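Only the coordinates and a few stated rules stand behind these numbers; no lab work does. Here the structure is a predicted model, which means the values were calculated and not measured. Cβ placement follows ideal geometry from the backbone for every residue including glycine, while neighbour counts extend to all protein chains displayed.
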C-alpha cells in the first residue's frame, strides 16, 4: 500500500505552512519546501526567511509569498499569523541550530504546530523547556530526522519489533563524510561557516550535525534506550573551533553494546550513513547510499537481499513507498514522508481525533534524546573518554 499522494485523495485541503529560515543561499530550506509539496499536503503561504529583513522579503518574493506575509522577523510572523483567520497552521524551522529554541517557543505560544530541523536545541535545558511547552500547548511537534522516513528503515524497525533478529546484542552506526577535510568555513561557504561556529551550531560540530542522525537512526530501528557512552571527539583541521570526527562506545539499557562513528574529514566518503544491528537469531544492514536495499541474515542461513517493493517487503515499508520498485527513492522522499506523517498528526489534533498508531515521526522527546546524546558525548570527551550516563 503506497502512501497517499494528494490532498484530494486524502479528502483534505492543504495545510497552511510558514517557514523561518531557508532563504536565498540556504540549502536545507529548499529541501523542506520540496518535501512539503511532494504529497501535496502543505501550501507555503508565509515566511521569515532570513535574519536580515531585506533579504527575508526578497527571498519571500522569489517564492511567490504575498508581500503582507513576508516578514522581517519570526517574532512579527508568529504574532501576525496567529491573529489571522487564514493564518498558518504549522511552521517549518530551518535556521541554524541556535535559533531553533526561540523560534519554536514563539510559535508554540502562538498556538501553531512546529516542524523543526535537528538538533532540537543547543542545550539540554532549552530542549526540556520545549518539551514542557509542547505538553502544555498540545501542539504537534515534529523533528525532521528524515532517514526515519525511508521505506527500508521502516522495514528494519518492523523486523526488529517482530523479533526477527531475536534479542538485540550489537548496534553499529556510522556516518562518514569528507566535505570538511579542509577548512572550508574560511572560504565563504555558508553551510560550512555556521556548522563550525559554536555561536550558531552549539558546542557540538560533527556530533550535532550528523552524529545525531546516526544515533537517532539506531534508536528508531532498534527501539533501544541508551544508558551510557564513552566518547572521543576530535578536531583534525587546524583552526577549526568544533569537532570534525566522533568515535563513541555505547551501552544500551538491557545489555546491548554498540559503536558510533561520525566524521566529516573521512576522505573518499560522501554521505555514508550505515546501520548494522545484530541479535541472537540474525542481523541486518542498511546503507543510506543504497536506500532501497536491506541485507538480512538468519544465523546459519544464506544472506537475504531485500528490496523496497520486492517479495520480502513488509506493509510498513509499502505504506511510505510512492513509486514502483527499481526506481530510486531516497533523500527527498524521506523528508516528504516526515511531512506527510506530520500532516496526518496535525489533522488529527485539529479535529480531536486519536492519532493513527501507524503514523510515525520523530517527536519532541526524540529531539530531547538527541540533545542529551550530544551533551553526554561532550562531557565524556572532556573527561578524556570517561564513561558517562545519559542525563
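Here 265, 277, 20 are placed in order of increasing Cβ neighbour count within 10 Å, fewest first, which gives 265, 277, 20. Centre-to-centre, using Cα atoms only, region 71-126 and region 162-236 are separated by 24 Å. Name all residues of region 355-391 having a backbone nitrogen under 18 Å from the label point set 7 Å from the Cα of residue 249 along its Cα→Cβ direction, giving them as ranges. Answer for region 355-391: 376-390. Only helical runs count toward this figure. For the chain, summing -39,500 (n - 2.57) over DSSP H runs of n ≥ 4 and dividing by all residues gives -10500 deg cm²/dmol at 222 nm. Comparing 137, 297, 351 in a Gaussian network model of the chain where C-alpha atoms under 10 Å apart are linked, the largest mean-square fluctuation is found at 351.
First measure r as the distance between the Cβ atoms of residue 125 and residue 327, then evaluate 1/(1 + (r/R0)^6) with R0 = 45 Å and state the FRET efficiency to the nearest 0.05.
0.50
Between 222, 148, 95, the GNM of the chain built on Cα springs shorter than 10 angstrom shows 222 fluctuating the most. Here r is the Cβ-Cβ distance between residue 354 and residue 27 and R0 is 35 Å; the resulting FRET efficiency, rounded to 0.05, is 0.40.
Placing a pseudo-label 7 Å from each Cα along the Cα-to-Cβ vector at residue 289 and residue 58 gives an inter-label distance of 3.7 nm.
Placing a pseudo-label 7 Å from each Cα along the Cα-to-Cβ vector at residue 270 and residue 298 gives an inter-label distance of 3.6 nm. Stretched out straight at 0.36 nm per residue, the stretch from residue 132 to residue 76 would grow longer than its current Cα-Cα span by 17.8 nm.
For region 139-283, the convex hull drawn through the C-alpha positions has a volume of 134 cubic angstrom per residue. Exposure proxy ranking for 303, 57, based on other Cβ atoms within 10 angstrom of each Cβ and starting from the fewest, stands as 303, 57. FRET efficiency for residue 311 and residue 161, Cβ-Cβ distance as r, R0 = 30 Å, nearest 0.05? Between residue 311 and residue 161 the formula returns 0.90. Taking every DSSP bridge with both residues inside the chain, close to 60 percent are antiparallel. Extension gain, residue 389-residue 51: 0.36 nm per intervening residue step, less the Cα-Cα distance, totals 118.0 nm.
Diagonalising the gyration tensor over the Cα atoms of region 7-146 and scaling each eigenvalue by 5 before taking the square root yields semi-axes of 21, 18, 15 Å, largest first. Of all the Cα-Cα pairs you can form in region 268-375, what percent are over 18 Å apart? Tail of P(r) above 18 Å: 64 percent of Cα pairs. Comparing 301, 347, 169 in a Gaussian network model of the chain, where Cα atoms under 10 Å apart are tied by springs, the biggest mean-square fluctuation is seen for 301. Counted by neighbouring Cβ atoms within 10 Å, the residues 67, 245, 366, 52 run from fewest to most as 67, 52, 366, 245.
Length available on full extension from residue 281 to residue 85: 0.36 nm per residue minus the Cα-Cα distance, which gives 64.9 nm.
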